[in-house]
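Quick notes on the structure that follows.
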Amino acid sequence: MTTSSKFMFRASLVAVSVAAASSAYSAGFALNDHSATASGKALGGVAASNEDISASFWNPALFVNAKETTVYASGAYVMPSMDVTVNSASDAQGTDLTADGATNDSVDNTLVPAFYFAKPINDKTVAGISLNVPFGLSGDYGQDWAGRFHATETAIQDIALSFALAHRMNDWVSLGASIQVHRAEVVLESSVGAVNAPLREGVGRIEADDISYGYSLGVALEPRKGTRVGLGYRSEVDFDFKGDVKYTDVNSALAGYAKLSDASVSDSITFPSVLALSVEQDLTPKLVLGLTAIRTGWGSMDGINIDFDSAQSNSVLTFGFEDQWMYSAGLTYFYSDKLTLRTGVAMDNSPVTDEYRSARTPDGDRKWISIGGTYNFNDMTSATFAFTHVMIEDVSVNRSGLTEDSARGKLNADYESSANVVSVAMNMAF
(Lines give C-alpha, C1' and ligand atoms only; values in the text may rest on other atoms or scores of the structure.)
Protein backbone atom coordinates (compact mmCIF):
# COMPACT_ATOMS: atom_id res chain seq x y z
CA MET A 1 0.00 0.00 0.00
CA THR A 2 1.28 3.48 -0.82
CA THR A 3 1.47 6.07 1.93
CA SER A 4 -1.67 7.86 3.03
CA SER A 5 -0.04 11.17 2.25
CA LYS A 6 0.40 10.19 -1.38
CA PHE A 7 -3.22 9.12 -1.46
CA MET A 8 -4.44 12.50 -0.26
CA PHE A 9 -2.45 14.42 -2.82
CA ARG A 10 -3.36 12.11 -5.65
CA ALA A 11 -7.01 12.44 -4.78
CA SER A 12 -6.86 16.17 -4.19
CA LEU A 13 -4.73 17.62 -6.97
CA VAL A 14 -6.93 16.10 -9.65
CA ALA A 15 -9.19 19.07 -8.95
CA VAL A 16 -6.69 21.44 -10.50
CA SER A 17 -7.43 19.86 -13.83
CA VAL A 18 -11.18 19.34 -13.87
CA ALA A 19 -14.23 21.02 -12.60
CA ALA A 20 -15.92 19.30 -9.77
CA ALA A 21 -19.66 19.19 -9.92
CA SER A 22 -20.37 22.88 -9.51
CA SER A 23 -18.78 23.80 -12.82
CA ALA A 24 -21.74 22.27 -14.58
CA TYR A 25 -21.99 24.90 -17.29
CA SER A 26 -19.06 23.83 -19.48
CA ALA A 27 -17.22 20.55 -19.99
CA GLY A 28 -14.03 20.06 -18.04
CA PHE A 29 -13.54 23.04 -15.76
CA ALA A 30 -13.72 25.74 -18.42
CA LEU A 31 -16.22 28.55 -17.93
CA ASN A 32 -17.99 30.05 -20.94
CA ASP A 33 -20.02 32.60 -18.96
CA HIS A 34 -18.30 35.67 -20.37
CA SER A 35 -21.15 37.41 -22.16
CA ALA A 36 -24.92 37.47 -21.69
CA THR A 37 -25.12 38.30 -25.42
CA ALA A 38 -23.22 35.14 -26.38
CA SER A 39 -24.98 32.96 -23.79
CA GLY A 40 -28.42 33.81 -25.22
CA LYS A 41 -27.47 32.12 -28.50
CA ALA A 42 -25.39 29.30 -26.90
CA LEU A 43 -22.21 30.89 -28.32
CA GLY A 44 -23.49 30.40 -31.87
CA GLY A 45 -21.40 32.65 -34.14
CA VAL A 46 -19.65 34.26 -31.18
CA ALA A 47 -16.15 34.57 -32.70
CA ALA A 48 -17.61 36.36 -35.74
CA SER A 49 -20.23 38.51 -33.99
CA ASN A 50 -20.56 42.21 -34.75
CA GLU A 51 -23.03 42.91 -31.91
CA ASP A 52 -20.79 44.19 -29.09
CA ILE A 53 -17.33 43.99 -27.52
CA SER A 54 -18.05 41.01 -25.22
CA ALA A 55 -17.30 38.60 -28.10
CA SER A 56 -13.65 39.71 -27.78
CA PHE A 57 -13.06 36.97 -25.18
CA TRP A 58 -13.20 34.43 -28.02
CA ASN A 59 -11.71 36.72 -30.69
CA PRO A 60 -9.80 39.89 -29.69
CA ALA A 61 -10.29 41.34 -33.19
CA LEU A 62 -13.93 41.97 -32.21
CA PHE A 63 -12.96 44.92 -30.04
CA VAL A 64 -13.40 46.81 -33.35
CA ASN A 65 -17.14 46.55 -32.64
CA ALA A 66 -16.65 49.61 -30.39
CA LYS A 67 -17.33 52.85 -32.25
CA GLU A 68 -17.17 54.95 -29.08
CA THR A 69 -15.71 54.43 -25.63
CA THR A 70 -17.69 51.41 -24.40
CA VAL A 71 -18.15 49.49 -21.16
CA TYR A 72 -19.77 46.03 -21.07
CA ALA A 73 -20.34 44.37 -17.67
CA SER A 74 -21.81 40.87 -17.46
CA GLY A 75 -22.57 38.41 -14.68
CA ALA A 76 -23.74 34.78 -14.85
CA TYR A 77 -25.28 33.02 -11.86
CA VAL A 78 -24.68 29.28 -12.21
CA MET A 79 -27.11 27.04 -10.29
CA PRO A 80 -25.96 23.41 -10.55
CA SER A 81 -27.64 20.29 -9.26
CA MET A 82 -25.96 16.94 -8.66
CA ASP A 83 -27.43 13.72 -7.25
CA VAL A 84 -24.90 11.11 -6.15
CA THR A 85 -25.79 7.48 -5.45
CA VAL A 86 -23.03 5.54 -3.70
CA ASN A 87 -23.20 1.89 -4.77
CA SER A 88 -20.14 0.80 -2.80
CA ALA A 89 -17.17 2.37 -1.02
CA SER A 90 -14.31 1.27 1.20
CA ASP A 91 -11.13 2.74 2.64
CA ALA A 92 -7.59 1.54 1.88
CA GLN A 93 -7.86 -1.21 4.53
CA GLY A 94 -11.09 -2.55 3.06
CA THR A 95 -13.46 -1.17 5.69
CA ASP A 96 -16.93 -0.80 4.14
CA LEU A 97 -18.05 2.85 4.03
CA THR A 98 -21.08 2.43 1.75
CA ALA A 99 -23.58 3.16 4.52
CA ASP A 100 -22.12 6.65 4.98
CA GLY A 101 -23.78 7.55 1.68
CA ALA A 102 -23.42 10.84 -0.19
CA THR A 103 -24.07 14.44 0.68
CA ASN A 104 -27.24 16.05 -0.67
CA ASP A 105 -25.58 19.44 -1.19
CA SER A 106 -22.16 18.94 -2.75
CA VAL A 107 -22.23 21.67 -5.37
CA ASP A 108 -22.33 25.42 -4.87
CA ASN A 109 -24.07 28.20 -6.78
CA THR A 110 -21.46 30.43 -8.38
CA LEU A 111 -21.40 33.99 -9.73
CA VAL A 112 -19.15 34.40 -12.78
CA PRO A 113 -18.36 38.06 -13.60
CA ALA A 114 -16.97 39.54 -16.83
CA PHE A 115 -15.96 43.11 -17.67
CA TYR A 116 -14.88 44.79 -20.92
CA PHE A 117 -13.68 48.31 -21.68
CA ALA A 118 -12.91 49.59 -25.18
CA LYS A 119 -11.42 52.92 -26.25
CA PRO A 120 -11.06 53.79 -29.96
CA ILE A 121 -7.64 55.30 -30.62
CA ASN A 122 -8.64 56.38 -34.12
CA ASP A 123 -11.24 55.32 -36.68
CA LYS A 124 -9.45 51.99 -37.30
CA THR A 125 -7.76 50.98 -34.02
CA VAL A 126 -9.31 50.13 -30.66
CA ALA A 127 -7.60 49.47 -27.34
CA GLY A 128 -9.38 47.10 -24.97
CA ILE A 129 -9.18 45.80 -21.42
CA SER A 130 -11.12 42.82 -20.11
CA LEU A 131 -11.45 40.88 -16.86
CA ASN A 132 -12.68 37.28 -17.04
CA VAL A 133 -12.74 33.98 -15.15
CA PRO A 134 -11.72 31.43 -17.83
CA PHE A 135 -11.60 28.45 -15.45
CA GLY A 136 -13.27 27.83 -12.11
CA LEU A 137 -15.23 25.56 -9.81
CA SER A 138 -16.53 25.29 -6.26
CA GLY A 139 -17.77 22.11 -4.60
CA ASP A 140 -17.83 20.50 -1.18
CA TYR A 141 -18.88 16.90 -0.48
CA GLY A 142 -18.22 17.37 3.25
CA GLN A 143 -15.97 15.26 5.45
CA ASP A 144 -18.47 12.50 6.30
CA TRP A 145 -19.53 10.99 2.99
CA ALA A 146 -18.52 7.52 1.79
CA GLY A 147 -16.06 8.83 -0.80
CA ARG A 148 -14.22 11.24 1.50
CA PHE A 149 -10.88 9.51 0.91
CA HIS A 150 -11.26 10.43 -2.76
CA ALA A 151 -12.42 14.03 -2.31
CA THR A 152 -14.05 16.37 0.19
CA GLU A 153 -13.65 20.01 -0.85
CA THR A 154 -12.46 21.38 -4.20
CA ALA A 155 -12.21 25.01 -5.32
CA ILE A 156 -10.31 26.74 -8.09
CA GLN A 157 -10.46 30.21 -9.59
CA ASP A 158 -8.47 31.57 -12.53
CA ILE A 159 -8.86 35.33 -13.03
CA ALA A 160 -7.46 36.82 -16.25
CA LEU A 161 -6.79 40.49 -16.93
CA SER A 162 -6.29 41.14 -20.65
CA PHE A 163 -4.86 44.10 -22.58
CA ALA A 164 -5.79 44.07 -26.26
CA LEU A 165 -5.41 45.98 -29.51
CA ALA A 166 -7.71 45.51 -32.50
CA HIS A 167 -7.22 47.06 -35.94
CA ARG A 168 -9.52 47.25 -38.92
CA MET A 169 -7.25 46.65 -41.91
CA ASN A 170 -9.95 47.47 -44.48
CA ASP A 171 -13.68 47.06 -44.96
CA TRP A 172 -13.57 43.27 -44.59
CA VAL A 173 -10.51 42.31 -42.50
CA SER A 174 -9.84 43.05 -38.80
CA LEU A 175 -7.00 41.73 -36.64
CA GLY A 176 -6.58 41.61 -32.89
CA ALA A 177 -4.24 40.41 -30.15
CA SER A 178 -4.03 40.51 -26.37
CA ILE A 179 -1.68 39.70 -23.54
CA GLN A 180 -3.13 38.26 -20.35
CA VAL A 181 -2.13 38.15 -16.70
CA HIS A 182 -3.62 35.13 -14.93
CA ARG A 183 -3.89 34.59 -11.19
CA ALA A 184 -5.07 31.17 -10.08
CA GLU A 185 -5.95 29.95 -6.59
CA VAL A 186 -6.60 26.35 -5.56
CA VAL A 187 -8.14 24.78 -2.46
CA LEU A 188 -8.04 20.97 -2.26
CA GLU A 189 -9.07 18.75 0.63
CA SER A 190 -9.69 15.07 1.36
CA SER A 191 -9.49 12.55 4.17
CA VAL A 192 -6.26 10.64 4.79
CA GLY A 193 -5.46 7.38 6.56
CA ALA A 194 -8.15 4.81 7.32
CA VAL A 195 -11.20 4.51 9.55
CA ASN A 196 -9.87 1.91 12.02
CA ALA A 197 -6.83 1.74 14.30
CA PRO A 198 -3.94 2.17 14.30
CA LEU A 199 -3.85 4.76 11.52
CA ARG A 200 -7.24 6.31 12.14
CA GLU A 201 -8.58 9.08 9.94
CA GLY A 202 -7.44 12.65 9.43
CA VAL A 203 -7.90 15.49 6.94
CA GLY A 204 -5.35 17.05 4.59
CA ARG A 205 -5.89 20.45 2.98
CA ILE A 206 -3.90 22.26 0.27
CA GLU A 207 -4.06 25.96 -0.51
CA ALA A 208 -1.87 27.14 -3.41
CA ASP A 209 -1.67 29.90 -6.00
CA ASP A 210 0.37 31.30 -8.86
CA ILE A 211 0.53 34.18 -11.36
CA SER A 212 1.17 33.39 -15.02
CA TYR A 213 0.76 34.86 -18.50
CA GLY A 214 -0.95 34.04 -21.78
CA TYR A 215 -1.99 35.64 -25.05
CA SER A 216 -4.73 35.57 -27.65
CA LEU A 217 -4.88 36.22 -31.39
CA GLY A 218 -7.82 36.76 -33.68
CA VAL A 219 -9.01 37.64 -37.16
CA ALA A 220 -12.48 38.73 -38.27
CA LEU A 221 -13.52 38.68 -41.91
CA GLU A 222 -16.55 39.89 -43.85
CA PRO A 223 -15.79 38.66 -47.39
CA ARG A 224 -19.20 39.84 -48.55
CA LYS A 225 -21.86 41.92 -46.89
CA GLY A 226 -23.90 39.81 -44.47
CA THR A 227 -21.36 36.97 -44.18
CA ARG A 228 -18.91 37.13 -41.27
CA VAL A 229 -16.17 34.67 -40.31
CA GLY A 230 -14.07 34.78 -37.16
CA LEU A 231 -11.14 32.80 -35.79
CA GLY A 232 -9.76 33.27 -32.28
CA TYR A 233 -7.02 31.51 -30.33
CA ARG A 234 -6.27 31.67 -26.59
CA SER A 235 -2.90 30.23 -25.59
CA GLU A 236 -2.05 27.61 -23.03
CA VAL A 237 -1.15 29.02 -19.60
CA ASP A 238 1.61 27.40 -17.54
CA PHE A 239 1.13 27.57 -13.77
CA ASP A 240 3.76 26.71 -11.15
CA PHE A 241 1.51 26.33 -8.13
CA LYS A 242 3.12 26.87 -4.73
CA GLY A 243 1.39 26.62 -1.40
CA ASP A 244 1.02 24.66 1.81
CA VAL A 245 -0.52 21.46 3.03
CA LYS A 246 -1.97 21.28 6.54
CA TYR A 247 -3.20 18.22 8.39
CA THR A 248 -5.82 18.03 11.13
CA ASP A 249 -6.92 15.13 13.39
CA VAL A 250 -3.87 13.09 12.39
CA ASN A 251 -2.64 10.85 15.21
CA SER A 252 0.99 9.90 15.79
CA ALA A 253 0.60 6.45 14.23
CA LEU A 254 -0.70 7.88 10.94
CA ALA A 255 1.81 10.76 10.96
CA GLY A 256 4.72 8.39 11.55
CA TYR A 257 3.61 5.76 9.06
CA ALA A 258 2.89 8.20 6.23
CA LYS A 259 5.45 10.85 7.22
CA LEU A 260 2.66 13.41 7.35
CA SER A 261 3.64 16.92 8.39
CA ASP A 262 2.57 20.42 7.47
CA ALA A 263 4.81 21.47 4.60
CA SER A 264 5.17 23.50 1.42
CA VAL A 265 4.04 21.91 -1.84
CA SER A 266 4.50 22.74 -5.51
CA ASP A 267 3.37 21.45 -8.88
CA SER A 268 3.36 22.62 -12.51
CA ILE A 269 0.18 22.35 -14.57
CA THR A 270 -0.69 23.73 -18.00
CA PHE A 271 -4.21 25.05 -18.52
CA PRO A 272 -5.45 24.32 -22.05
CA SER A 273 -5.55 26.42 -25.21
CA VAL A 274 -8.87 27.35 -26.80
CA LEU A 275 -9.48 27.66 -30.57
CA ALA A 276 -12.81 29.19 -31.68
CA LEU A 277 -14.11 29.24 -35.26
CA SER A 278 -17.41 30.96 -36.04
CA VAL A 279 -19.56 31.93 -38.99
CA GLU A 280 -22.47 34.37 -39.01
CA GLN A 281 -24.87 34.74 -41.92
CA ASP A 282 -27.58 37.35 -42.28
CA LEU A 283 -30.56 35.30 -43.49
CA THR A 284 -32.78 38.38 -43.74
CA PRO A 285 -32.34 42.00 -42.61
CA LYS A 286 -33.75 40.91 -39.22
CA LEU A 287 -32.58 37.28 -38.79
CA VAL A 288 -28.98 36.07 -38.29
CA LEU A 289 -27.72 32.48 -38.11
CA GLY A 290 -24.54 31.80 -36.14
CA LEU A 291 -22.43 28.62 -36.01
CA THR A 292 -19.44 27.95 -33.76
CA ALA A 293 -16.90 25.17 -33.20
CA ILE A 294 -14.57 25.48 -30.19
CA ARG A 295 -11.64 23.11 -29.61
CA THR A 296 -10.14 23.00 -26.12
CA GLY A 297 -6.67 21.44 -25.84
CA TRP A 298 -7.29 19.42 -22.67
CA GLY A 299 -4.57 16.96 -23.70
CA SER A 300 -1.97 19.42 -22.41
CA MET A 301 -2.98 18.38 -18.89
CA ASP A 302 -1.33 14.98 -18.92
CA GLY A 303 -0.80 14.64 -15.18
CA ILE A 304 0.69 16.02 -11.99
CA ASN A 305 4.01 15.60 -10.23
CA ILE A 306 3.74 17.01 -6.72
CA ASP A 307 6.90 17.97 -4.89
CA PHE A 308 6.74 18.08 -1.08
CA ASP A 309 9.11 20.16 1.00
CA SER A 310 9.33 17.32 3.53
CA ALA A 311 10.27 13.65 3.76
CA GLN A 312 7.38 12.68 1.50
CA SER A 313 8.29 11.51 -1.98
CA ASN A 314 6.78 12.99 -5.13
CA SER A 315 3.31 11.84 -6.10
CA VAL A 316 2.40 11.31 -9.76
CA LEU A 317 -1.12 11.05 -11.18
CA THR A 318 -2.34 10.52 -14.76
CA PHE A 319 -5.34 12.56 -15.93
CA GLY A 320 -6.07 10.84 -19.24
CA PHE A 321 -7.71 13.94 -20.71
CA GLU A 322 -8.54 14.19 -24.40
CA ASP A 323 -8.82 17.30 -26.59
CA GLN A 324 -12.49 17.99 -27.23
CA TRP A 325 -14.85 20.07 -29.37
CA MET A 326 -17.93 22.10 -28.55
CA TYR A 327 -20.44 22.80 -31.34
CA SER A 328 -23.22 25.37 -31.24
CA ALA A 329 -25.83 27.05 -33.41
CA GLY A 330 -27.78 30.18 -32.63
CA LEU A 331 -30.33 32.58 -34.07
CA THR A 332 -30.54 36.32 -33.50
CA TYR A 333 -33.75 38.15 -34.39
CA PHE A 334 -33.85 41.96 -34.46
CA TYR A 335 -37.51 42.29 -33.53
CA SER A 336 -37.41 46.09 -33.46
CA ASP A 337 -35.03 48.98 -32.95
CA LYS A 338 -35.49 48.45 -29.21
CA LEU A 339 -35.61 44.67 -28.82
CA THR A 340 -33.33 41.84 -30.01
CA LEU A 341 -34.17 38.18 -29.32
CA ARG A 342 -31.82 35.17 -29.30
CA THR A 343 -31.87 31.41 -28.96
CA GLY A 344 -29.37 28.60 -29.43
CA VAL A 345 -28.33 25.01 -28.79
CA ALA A 346 -24.92 23.48 -28.13
CA MET A 347 -23.16 20.15 -27.67
CA ASP A 348 -20.18 20.31 -25.30
CA ASN A 349 -18.03 17.18 -25.13
CA SER A 350 -16.25 16.22 -21.91
CA PRO A 351 -12.48 15.59 -21.87
CA VAL A 352 -12.73 13.00 -19.08
CA THR A 353 -12.39 9.32 -20.00
CA ASP A 354 -14.25 6.52 -18.23
CA GLU A 355 -11.00 5.00 -16.96
CA TYR A 356 -9.92 8.08 -15.01
CA ARG A 357 -13.27 9.60 -14.00
CA SER A 358 -13.28 10.14 -10.23
CA ALA A 359 -15.21 11.85 -7.44
CA ARG A 360 -13.36 15.01 -8.46
CA THR A 361 -14.14 14.44 -12.14
CA PRO A 362 -17.81 13.38 -12.40
CA ASP A 363 -17.83 14.96 -15.82
CA GLY A 364 -20.06 14.04 -18.76
CA ASP A 365 -21.05 15.44 -22.14
CA ARG A 366 -23.41 18.43 -22.02
CA LYS A 367 -26.25 19.81 -24.11
CA TRP A 368 -27.32 23.46 -23.86
CA ILE A 369 -30.63 25.12 -24.65
CA SER A 370 -30.46 28.92 -24.44
CA ILE A 371 -32.74 31.93 -24.87
CA GLY A 372 -32.03 35.62 -24.40
CA GLY A 373 -32.62 39.16 -25.48
CA THR A 374 -31.35 42.74 -25.46
CA TYR A 375 -33.37 45.89 -24.82
CA ASN A 376 -31.96 49.19 -26.08
CA PHE A 377 -32.91 52.04 -23.78
CA ASN A 378 -31.33 54.48 -26.22
CA ASP A 379 -28.45 54.63 -28.68
CA MET A 380 -25.91 54.53 -25.83
CA THR A 381 -27.30 52.06 -23.25
CA SER A 382 -28.73 48.54 -23.41
CA ALA A 383 -29.49 45.65 -21.07
CA THR A 384 -29.12 41.97 -21.98
CA PHE A 385 -30.61 38.84 -20.40
CA ALA A 386 -29.99 35.14 -21.07
CA PHE A 387 -31.12 31.82 -19.62
CA THR A 388 -29.41 28.50 -20.31
CA HIS A 389 -30.46 25.02 -19.24
CA VAL A 390 -27.59 22.52 -19.28
CA MET A 391 -28.34 18.81 -19.51
CA ILE A 392 -25.42 16.62 -18.41
CA GLU A 393 -24.93 12.98 -19.33
CA ASP A 394 -25.40 10.55 -16.43
CA VAL A 395 -22.03 9.05 -15.55
CA SER A 396 -20.55 6.51 -13.16
CA VAL A 397 -17.36 6.67 -11.12
CA ASN A 398 -15.74 3.27 -10.68
CA ARG A 399 -12.44 3.56 -8.83
CA SER A 400 -11.36 0.02 -8.02
CA GLY A 401 -8.47 -1.06 -10.20
CA LEU A 402 -5.98 1.81 -10.57
CA THR A 403 -2.66 1.58 -8.75
CA GLU A 404 -2.90 5.24 -7.79
CA ASP A 405 -6.07 4.42 -5.76
CA SER A 406 -4.36 1.89 -3.50
CA ALA A 407 -4.27 4.36 -0.60
CA ARG A 408 -7.69 5.87 -1.38
CA GLY A 409 -9.73 2.71 -1.27
CA LYS A 410 -12.56 1.92 -3.66
CA LEU A 411 -15.57 3.92 -4.80
CA ASN A 412 -18.43 3.09 -7.11
CA ALA A 413 -21.01 5.85 -7.53
CA ASP A 414 -23.56 7.14 -10.05
CA TYR A 415 -23.97 10.84 -10.85
CA GLU A 416 -26.99 12.71 -12.24
CA SER A 417 -26.29 16.40 -12.90
CA SER A 418 -27.76 19.48 -14.56
CA ALA A 419 -27.53 23.26 -14.30
CA ASN A 420 -29.48 26.44 -14.88
CA VAL A 421 -27.62 29.66 -15.68
CA VAL A 422 -29.03 33.19 -15.57
CA SER A 423 -26.91 35.90 -17.22
CA VAL A 424 -27.43 39.67 -17.24
CA ALA A 425 -25.33 42.47 -18.74
CA MET A 426 -25.23 46.21 -19.27
CA ASN A 427 -23.64 47.82 -22.32
CA MET A 428 -22.88 51.54 -22.20
CA ALA A 429 -21.20 53.80 -24.75
CA PHE A 430 -19.91 57.31 -24.01
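The values are calculated or read from the model by the stated rules, or taken from the named source; none is laboratory data. Fair warning: this is a prediction, and the values are worked out from it, not measured in the lab. We place every Cβ from the backbone using ideal geometry, glycine too, and count neighbours over all the protein chains shown. Side chains included, ligands, DNA and RNA excluded: accessible areas come from the protein's heavy atoms. Shrake-Rupley method; radii C 1.70, N 1.55, O 1.52, S 1.80 Å.
Take the Cα radius of gyration of the range 273-412 and divide it by 2.2 N^0.38 Å, N being the number of residues; the result is 1.51. Using DSSP to define loop residues, name the chymotrypsin sites (Phe, Trp or Tyr not before Pro) in the range 301-409 whose beta-carbon has at most 13 other beta-carbon atoms within 10 Å. Answer in residue order: Tyr335, Phe377. Protein heavy-atom accessible surface, 1.4 Å probe, per residue over the range 148-233: 43 Å².
In this calculation the C-beta distance from Lys225 to Phe387 is compared with R0 = 45 Å, giving a FRET efficiency of 0.90. For the range 233-273, the relative contact order is 63 percent, taking Cα pairs closer than 8 Å that sit 6 or more residues apart in sequence and dividing their mean separation by the residue count. Packing, as the average of other Cβ atoms within 10 Å across residues, places the peptides 224-237, 167-180 in the order 224-237, 167-180, highest first. Listed by chain and number, the lysines whose alpha-carbon sits under 24 Å from that of Lys259, ignoring those within fewer than 8 places in the same chain, are Lys6, Lys242, Lys246, Lys410. Working from label points 7 Å from Cα in the Cα-to-Cβ sense, the Ala197 to Glu416 distance is 4.3 nm.
Inter-label distance, Ser266 to Asp100: 3.4 nm, where each label sits 7 Å from its Cα along the C-beta direction.
Could you tell me whether the range 290-370 comes out rounded, prolate or oblate from its Cα gyration tensor? Rule is a ≥ b ≥ c as square roots of the eigenvalues, rounded for a/c under 1.5, then prolate if a/b exceeds b/c, otherwise oblate. Judged from the Cα gyration tensor, the range 290-370 comes out prolate (a/c at least 1.5, a/b above b/c).
Between Glu207 and Tyr327, the FRET efficiency estimated from the beta carbon spacing at R0 = 35 angstrom works out to 0.40.
Each 10 Å bin, from zero up to the one with the longest distance, holds this percent of the alpha carbon pairs of the range 232-271: 24, 32, 22, 14, 7, 1. Using equal-weight Cα scatterers in the Debye expression, the normalised intensity of the chain in log10 at q = 0.06 Å⁻¹ is -0.27. Cross-link pairs exceeding 18 Å between alpha carbons, from the set Lys41/Lys286; Lys41/Lys225; Lys41/Lys367; Lys286/Lys338: Lys41/Lys225.
The figure for Asp337 is an accessible area of roughly 150 square angstrom, using a 1.4 Å probe on the protein chains alone. Multiplying the residue separation of Thr69 and Arg295 by 0.36 nm and removing their Cα-Cα distance gives an extension gain of 78.2 nm.
State whether the range 30-98 is rounded, prolate or oblate according to the following rule on the C-alpha gyration tensor (a ≥ b ≥ c being the square roots of its eigenvalues): a/c under 1.5 gives rounded; otherwise a/b larger than b/c gives prolate, and the remaining case gives oblate. Prolate, because a/c is 1.5 or more and a/b exceeds b/c. Close amide H contacts of Val250 (hydrogens built in the peptide plane, cut-off under 5 Å, sequence separation of 5 or more or a different chain): Val203.
Here the relative contact order of the chain, from alpha carbon pairs under 8 Å that lie six or more residues apart, stands at 22 percent.
Ranking Glu51, Glu355, Glu280 from most to least accessible surface, computed with a 1.4 Å probe over the protein chains only, gives Glu355, Glu51, Glu280. Considering only Cα atoms, the convex hull volume of the range 77-167 works out to 118 Å³ per residue.
Taking 0.890 mPa s as the viscosity and 25 °C as the temperature, the Stokes-Einstein diffusion coefficient of the range 190-268 based on its alpha-carbon Kirkwood radius rounds to 147 µm²/s. Structural descriptor for the range 297-430: relative contact order 18 percent, calculated from alpha carbon pairs under 8 angstrom and at least 6 residues apart. Rounded to the nearest Å, what's the spacing between the alpha carbon centres of the range 100-167 and the range 295-365? Just the number, please. The range 100-167 and the range 295-365 have Cα centres spaced 13 Å from each other. Once both labels are positioned 7 Å from their Cα atoms along Cα-to-Cβ, the gap between Lys246 and Asp379 label points is 5.8 nm. From the P(r) of the range 220-331, could you give the percentage of C-alpha pairs in the tail past 20 Å? Cα-Cα pairs in the range 220-331 separated by more than 20 Å: 62 percent. Seen through its C-alpha gyration tensor, with square-root eigenvalues sorted a ≥ b ≥ c, the range 120-166 comes out prolate because a/c lies at 1.5 or above while a/b is bigger than b/c.
For the chain, the 222 nm mean residue ellipticity estimated from helices alone, with every DSSP H stretch of n ≥ 4 adding -39500 (n - 2.57) and the total spread over all residues, rounds to -1000 deg cm²/dmol.
Applying a DSSP loop filter and a limit of 13 other Cβ atoms within 10 Å to the chymotrypsin sites (Phe, Trp or Tyr not before Pro) in the range 62-164 leaves nothing.
Its Cα gyration tensor gives the range 89-134 an equivalent ellipsoid, and the semi-axes of that ellipsoid, as √(5λ) in whole Å with the largest first, are 54, 12, 5.
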